[in-house]
Amino acid sequence: MSTRLLDALRIQTPILQSPLDEFWAIFHTLMWATIYNARLKESPSSLAQANLHQQFRTSTANRDVVTSKIATGIHPCDTKYSLFLRVMSPFLEAWLEALRRMERYWAGVELDGALTLEGFDEQAYQGVLDFVQVWKTHREDLSNYPGNQ
């Protein structure tokens with residue numbers, strides 16, 4: 001779930017869910033799947049990733065901190081994290097930046113009913129396009145991950 005929706009839920013404020021909220025939900029689900037990969041439980045990196053997973057699921061603030069760490073702070077040679085996490089990190093960083101760009105673009109649009117169907121569609125299509133562009137940029141690295149062989 002997007003931070004915006006979680007915050008609204010926490011303070012019990014009605015909110016109109018947008019396509020951007022959906023993209024954030026997918027992003028955070030992918031983050032969780034990247035951190036908590038069951039095949040990695042026995043790896044030497046499991047403790048560092050277990051700590052990330054614990055932080056990620058405890059609160060929205062911690063989730064945002066872990067998201068920033070994974071998407072901007074995992075070096076490809078940092079062996080305290082799994083190879084899978086290190087391979088995913090550049091992809092997640094690029095997608096995070098695309099989502100933040102989209103968020104800045106739509107920040108001025110009122111989502112309390114003033115978002116027209118045309119704007120709603122534009123936001124949805126732009127999000128899909130951004131994701132595909134990020135995926136195309138990182139497709140080769142993601143495809144060459146040993147777990148995909």
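The values are calculated or read from the model by the stated rules, or taken from the named source; none is laboratory data. Only a predicted model underlies this, so the values are computations on that prediction, with no experimental measurement involved. Positions of Cβ are generated from backbone atoms using ideal geometry, with glycine treated the same way; all protein chains shown enter the neighbour counts. Accessible surface areas use protein heavy atoms only, side chains included; no ligands, DNA or RNA. Shrake-Rupley method; radii C 1.70, N 1.55, O 1.52, S 1.80 Å.
Numbers at a glance
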quantity	calculated
Solvent-accessible area of residue 11 with every protein chain in place, 1.4 Å probe, in Å² to the nearest 10	100
Mean Cβ count within 10 Å, highest first, over the residues of peptides 130-136, 87-93	87-93, 130-136
Solvent-accessible surface (1.4 angstrom probe) belonging to residue 118, in square angstrom, nearest 10	150
Pairwise label distance in nanometres, residue 55 with residue 75, each label 7 Å out on the Cα-Cβ vector	1.7
By accessible area with a 1.4 Å probe, ligands and nucleic acids excluded, highest first: order of 122, 140	140, 122
Listed residues 117, 83, 6 arranged by accessible area, highest first, probe 1.4 Å	117, 83, 6
